[in-house]
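First the structure, in the form of structure tokens, and then the observations on it.
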Amino acid sequence: MAATASYSHGLRFDAGRPCLDLVATVGARFSEEPVERLDTPERLRDWLLGAGVVPPGTPLGSVDASWLGRFRAARDLLHRVVHAEVDGRAAEPDLERVNALAAAAPPAVRAVRTEDGTLVRAVAAPFDCGALVGQICRDAVELLTDPTTRGQLRQCQGETCSLVYLDMSRGHRRRWCSSEVCGNRERVARHRRRHG
Ligand SMILES: [Zn+2]
């Protein structure tokens, strides 16, 4: 997505779907020092824009600490559900909670004419947190119930990396969430083992 660079701050938008990108806002989850990337309401605003959950330019002044809490709770729930699916385990209570969140009414969208006469999508303000959390949970419901996307779910093979992504590569042999991040770390470690 072209808009990502300016919103990055270590946030990543390369897992293949918004629900997986949300799960990816905790880095190194399986290490002793997981990295919390959704640490302020500002960071959550950056994430919502970067992941394309809301259209560019959406005013996000109502995003506050309570939003942060709800998004983190939904993220941890999605983390458990997605990992259970990758591992072939049933996680029914968590799945039911995702379903309940996904039932929220979607945020109202409007077509707004810009100065040059073209129509762009805008979210009708004010919108609430539950509508956006619901949108991300519906994304997870769609992903998990589509045999094609569900079959592309992979967990990164990086040692402490917990990222789950969609492997859309040809031949489906992608091993890393990112060859620049985990792939590179593994190459460096391998080099060290050989020469250290
Ligand atoms: Zn990784």
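The values are calculated or read from the model by the stated rules, or taken from the named source; none is laboratory data. The model shown is predicted, which means the values in this text are computed figures rather than measured ones. Quick reminder, even Gly has a Cβ in these numbers, built from the backbone with ideal geometry, and neighbours come from all protein chains shown.
Answer yes if at least one residue in the range 148-167 is among the aliphatic types (A, V, I, L, M), within 18 Å of the chain's Cα centre (by Cα), surrounded by 17 or more Cβ atoms within 10 Å (Cβ to Cβ) and more than 13 Å from Leu20 (Cβ to Cβ), and no otherwise.
Taking every residue of the range 148-167 in turn, none turns out to be among the aliphatic types (A, V, I, L, M), within 18 Å of the chain's Cα centre (by Cα), surrounded by 17 or more Cβ atoms within 10 Å (Cβ to Cβ) and more than 13 Å from Leu20 (Cβ to Cβ).
For the range 155-179, enumerate the residues that are of a type in the set (D, E, K, R) and more than 10 Å from the ligand (Cβ to nearest atom).
Within the range 155-179, Asp167, Arg170, Arg173, Arg174 meet the criteria.
Could you look through the range 36-71, keep only residues that are within 18 Å of Pro126 (Cα to Cα) and of a type in the set (Ser, Thr, Tyr), and pick out the one that is modelled with the lowest pLDDT?
Filtering first and then ranking leaves Thr58.
What's the number of the only condition in (1) over 30 Å from Ser31 (Cα atoms); (2) within 18 Å of the chain's Cα centre (by Cα); (3) surrounded by 15 or more Cβ atoms within 10 Å (Cβ to Cβ) that Phe127 fails to meet?
With respect to (1) over 30 Å from Ser31 (Cα atoms); (2) within 18 Å of the chain's Cα centre (by Cα); (3) surrounded by 15 or more Cβ atoms within 10 Å (Cβ to Cβ), Phe127 is out only on (2).
Quick check: is even one residue across the range 125-145 within 16 Å of the ligand (Cβ to nearest atom), at pLDDT 90 or above, of a type in the set (A, V, I, L, M, F, W, C) and on the phi < 0 side of the Ramachandran plot?
no
Restricting attention to the range 104-115, which residues are surrounded by 11 or more Cβ atoms within 10 Å (Cβ to Cβ), touching a residue at least 12 places away in the same chain (Cβ under 8 Å) and either within 17 Å of Ala140 (Cβ to Cβ) or not charged (D, E, K, R) (or both)?
Ala104, Pro106, Pro107, Ala108, Val109
Would you confirm, using the coordinates I've provided, whether Arg12 is modelled with pLDDT under 95, more than 26 Å from Ala124 (Cα to Cα) and either surrounded by 17 or more Cβ atoms within 10 Å (Cβ to Cβ) or of a type outside the set (Ser, Thr, Tyr) (or both)?
Considered against the rule, which asks whether it is modelled with pLDDT under 95, more than 26 Å from Ala124 (Cα to Cα) and either surrounded by 17 or more Cβ atoms within 10 Å (Cβ to Cβ) or of a type outside the set (Ser, Thr, Tyr) (or both), Arg12 comes out as yes.
Is it true that some residue in the range 86-93 is under 22 Å from Cys156 (Cβ atoms) and in a helix (DSSP H, G or I)?
yes
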